[in-house]
Amino acid sequence: MAIGPGALIPEEPDFDRMRTDRTQRLREAMRDQAIEALVLLGNTNVVYATGAIWPLSDGGRTNFEQPVAVVVADDESPHLFSPLRADDRLRHALAPDHLHGPAHLDFDEGVEAFGSQLADLVPDGAVIAIDEWTHALRRAGTFTTDRGAPLDGGRLISKAKLIKTPDELAAMRAGLTITEAGITEVQARLAPGVRQTDLTAAFLRTIFDHGADANVLDPIWQIMPTRIADGPWTTTGGLACPLLSTERELVKGDVLWVDTGVSYQGFHSDFGRTWVVGQEPSARQREQFEKWRAIINAVLAVTRAGATNSELTAAATEVAGGEKPWMSHFYLGHGLGIDSAEMPFVGSDIGEAFDAGYRLEAGMVLVLEPIVWEDGYGGYRSEEVLLITADGWEPMTDYPYDPF
């Protein structure tokens, strides 16, 4: 559903309607490519297809306990294979015969068992797409039929996630509001002598009190050096950012680059600002902020449905005097939704040819994150979350730039 001038974002999302819209979108994309079954292993892809939310686990357990979704083209409801007990909301959304036990796809035995279950859901010789592979799936040659190997399901679902519905946008705004509640609590505590980990504790307590599912990006309160050479070595020779927080106590004059995000009902948020500890910004630091604002305003001036990525990167680069005002290992901008960073990627290492051929569409959510850096004097970084509309853009958040 494209977001035009007359589209309204509801105060509260209707999750049942959202799930129905998503399933319809996936099934339409499958029909367009003559795909009869879509198998999803990627965590956020499973969230998108089923609406399931589960506790995050450590990396050593994630693969062995990962939920798996199966979307069948002629079935209005997806199937969910999970070791976790489904909550009441999901039980209401999915019929009992669409909720299954775990599919242990890292093991040969698990792949064999899953293949037998899938045979009951999908006709022989059906065209199947899959988003990720395990070694056991590869070894077994699973899903390969006389009609060939499985298609790329990751590309299909990535395209389906691009355009947000009004209910999805309402849920995303709720997640951004929760994030900013945590940031407000942290910024009030900012002072010399406070540890980075103290800020993290305050942030986590606040977001969970406000209803977050999870913290998806460890809070970054990075103390920035004035010179790249004073920071850790990097393979690109650029800034070492972001770095994890430590128990280091803040001191007066520290410049913090802030970056974090939470999950709310499966939607990820993103937040970035620059703070100065215990004092007002210097004249030089204010000049950096003003230059950053000039860059962001130039980008926003060309941001609209139909604009190419290269129009945005060109606008930013021109104001920055011919230099790319973003970190080489990141991007000028990225999409946001079920993932912290998803398509569209603007100014990434995918390349300039990609940027020139990719056009923004109404209903996309974009995070812009240019930086200003003066080696020897440090720099400024912030993030802007915006919704692409038919005739321009709308802000998804209005958090201030204090102390600038």
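Couple of notes before you dig in:
- Count - residues of the stretch 28-55 that are within 8 Å of Val71 (Cα to Cα) and part of a helix (DSSP H, G or I): 1
- Test: Val258 is within 30 Å of Phe208 (Cβ to Cβ) and in contact with a Lys or Arg (Cβ under 7 Å, 6 or more places away or on another chain): yes
- Residue in the stretch 276-286 that is within 28 Å of Phe208 (Cα to Cα) and hydrophobic (A, V, I, L, M, F, W, C) present: yes
- Meets criteria (in contact with a strand residue (DSSP E or B) (Cβ under 9 Å, 6 or more places away or on another chain) and without any contact (Cβ under 8 Å) to a residue 24 or more places away in the chain) for Ser348: yes
- Scanning the stretch 209-256 for residues that are under 19 Å from the mean Cα position of the chain (by Cα) and either outside any loop (DSSP other than H, G, I, E, B) or acidic (Asp, Glu) (or both) yields Asp213, Ala214, Asn215, Val216, Leu217, Asp218, Pro219, Ile220.
- Residue count for the stretch 122-164 satisfying the condition of being free of Cβ contacts under 8 Å to residues at least 60 places away in the same chain and under 30 Å from Leu387 (Cα atoms): 2.
- Those residues of the stretch 218-241 which are within 30 Å of Trp54 (Cα to Cα) and out of contact with any Asp or Glu (no Cβ under 7 Å at 6 or more places or on another chain), in sequence order: Asp218, Pro219, Trp221, Gln222, Cys241
- Residue match in the stretch 305-313 (condition: over 20 Å from the mean Cα position of the chain (by Cα), assigned to a loop (DSSP other than H, G, I, E, B) and surrounded by 15 or more Cβ atoms within 10 Å (Cβ to Cβ)): yes
- Any pair with Cβ under 8 angstrom, 6 or more apart, that starts in the stretch 20-38 at a residue that is charged (D, E, K, R) and ends at one that is part of a helix (DSSP H, G or I) and modelled with pLDDT of 90 or more: Asp21/Asp167; Arg22/Tyr48; Arg22/Ala49; Arg22/Ala160; Arg25/Ala160; Glu36/Met30
- Of the residues making up the stretch 188-197, none is hydrophobic (A, V, I, L, M, F, W, C) and in contact with a His (Cβ under 9 Å, 6 or more places away or on another chain).
- Test: residue in the stretch 267-288 that is at pLDDT 95 or above, within 25 Å of Thr236 (Cα to Cα), assigned by TED's automatic domain parsing to the domain that holds Tyr377 and assigned to a loop (DSSP other than H, G, I, E, B): yes
- Applying the criterion of at least 1 residues that are touching a helix residue (DSSP H, G or I) at 6+ places or on another chain (Cβ under 6 Å) and farther than 17 Å from Leu312 by Cα to the strands (runs of 3 or more DSSP E) found wholly in the stretch 325-404 leaves 378-381.
- Residues of the stretch 200-237 classified as in contact (Cβ under 8 Å) with a residue 12 or more places away in the chain and acidic (Asp, Glu), total: 2
The values are calculated or read from the model by the stated rules, or taken from the named source; none is laboratory data. Computed from a predicted structure; not experimentally measured. No Cβ is skipped: glycine too gets one built from the backbone with ideal geometry, and neighbour counts run over all protein chains shown.
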